[in-house]
1. Within the stretch 195-202, does at least one residue satisfy the condition of being acidic (Asp, Glu), more than 29 Å from ALA291 (Cβ to Cβ), free of Cβ contacts under 8 Å to residues at least 40 places away in the same chain and not in a helix (DSSP H, G or I)?
2. Please go through (1) surrounded by 12 or more Cβ atoms within 10 Å (Cβ to Cβ); (2) modelled with pLDDT of 75 or more; (3) under 26 Å from PRO133 (Cβ atoms) for GLU23 and return the number of the only condition it doesn't satisfy.
3. So how many residues does the stretch 243-265 have that are within 15 Å of GLN277 (Cα to Cα), loosely packed, with under 14 Cβ neighbours inside 10 Å and acidic (Asp, Glu)?
4. Looking only at the stretch 57-78, which residues are part of a strand (DSSP E or B), more than 20 Å from the chain's Cα centre (by Cα) and surrounded by 21 or more Cβ atoms within 10 Å (Cβ to Cβ)?
5. So VAL139 ticks every box in (1) among the hydrophobic types (A, V, I, L, M, F, W, C); (2) over 28 Å from GLY49 (Cβ atoms); (3) modelled with pLDDT under 95 but one. Which box is left unticked?
6. Please specify each residue of the stretch 300-312 satisfying the condition of being assigned to a helix (DSSP H, G or I) and not aliphatic (A, V, I, L, M).
7. Taking VAL272 as the residue in question, decide whether it is surrounded by 16 or more Cβ atoms within 10 Å (Cβ to Cβ), over 22 Å from MET195 (Cβ atoms) and modelled with pLDDT of 95 or more.
8. Quick one: which of SER165, SER130 is farther than 29 Å from GLU29 by Cβ and touching a Lys or Arg at 6+ places or on another chain (Cβ under 9 Å)?
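The values are calculated or read from the model by the stated rules, or taken from the named source; none is laboratory data. Small disclaimer: the values here were computed from a predicted structure and weren't measured. Note that we place each Cβ from the backbone using ideal geometry, even for glycine, and neighbour counts take in every protein chain shown.
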Amino acid sequence: MNIRTLLFCTIVLTTCSAHAADELQLPREGWATWEIPAVDDAPAWCCFGDRTGTRASCDLDDAHGSFSSRDDERTDVLRIYARFHEGRLDRIRALAPACAVELKSPAQEIDPVAVDVSARWLAAIMKSQSDTPSLTRGVRTNAMAALAAHRSRIAHDALSDMARSDKWVQQRKDALFWIAHLRGIEGARVAKQVMFEDADPRVREHAAFAVSQSKSPQRAEDLIRLATTDAKSRVRSQAWFWAAQVGGPQTEVAIANALRNERDDEVRQQAVFALSQLPENRSVEALIKVAEDSSLSREDRLQALFWLAQNPSDSALDYLDRLIAATGKH
């Protein structure tokens, strides 16, 4: 064999081996399963039988089954379960390896699988949904969550591309949530950029929610900035709500300023409502300040009283009792 022939054979064999390594050997029918390294601080997803947080087996063939995680449980590995029918994906879950599962038929083990190979396969499936949606809402959600949990640059870049530019708005929203929720500071940066720069107010509004669920240390400040600068009143309103949910220490002052400067009645109403979403003591104190501020509009002050009346705390009820008593004296 001459050198040219040997070189040709080497190239062919290497190419074939690389191609095979880049593909998952998946069944046309039934379940397959494999493990992947998970992102930092990945939730240990499983099924829970009751409100006490007791683990239960996950019935993966149940179309209505759900899964969640406990706040104190994390994992650095996740097991992917994927079911196929006529070669098409029709069910997928990413669960903690210790999570027990129930299947109508045994799953084909295809370990080991390189994390980039798994991520590339899932990314291709999700991107194909933009052109020809074929997966149910539940399967799409689980597939996006599984992709986001992969410790892989391919997974991050695929989610980032979908969040920024996918032509299907719902797909963009899903990608925004999962990249912000699971992929740390870098994922939060993607959601923040979309939140401030995207042309579609529906996407900016959802990006605000995604940022609120992220680990960004600046999320409170960023949400307040969006609430005071976005061109659309709906986006500003939702930004106030999520800013209150995050509960940064500057929230009350920012909302007080907004009540003086915001011209849209609906946004001001939402800002007052946002105060009711703060932790209890802060919420009551902030609402009382609004109710007693004679420089604010009558409508805003009445809104504050309304939300105080919905608060069952002793401090809120005591204030209202004193207010009623003082009114009766006049």
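1. yes
2. With (1) surrounded by 12 or more Cβ atoms within 10 Å (Cβ to Cβ); (2) modelled with pLDDT of 75 or more; (3) under 26 Å from PRO133 (Cβ atoms) applied to GLU23, the lone miss is (1).
3. 0
4. Passing the criteria: only CYS58.
5. Of (1) among the hydrophobic types (A, V, I, L, M, F, W, C); (2) over 28 Å from GLY49 (Cβ atoms); (3) modelled with pLDDT under 95, only one is false for VAL139: (2).
6. Correct list: ASP300, ARG301, GLN303, PHE306, TRP307.
7. Considered against the rule, which asks whether it is surrounded by 16 or more Cβ atoms within 10 Å (Cβ to Cβ), over 22 Å from MET195 (Cβ atoms) and modelled with pLDDT of 95 or more, VAL272 comes out as yes.
8. On the way: SER130 fails: farther than 29 Å from GLU29 by Cβ.
Within the list SER165, SER130, the selection yields SER165.
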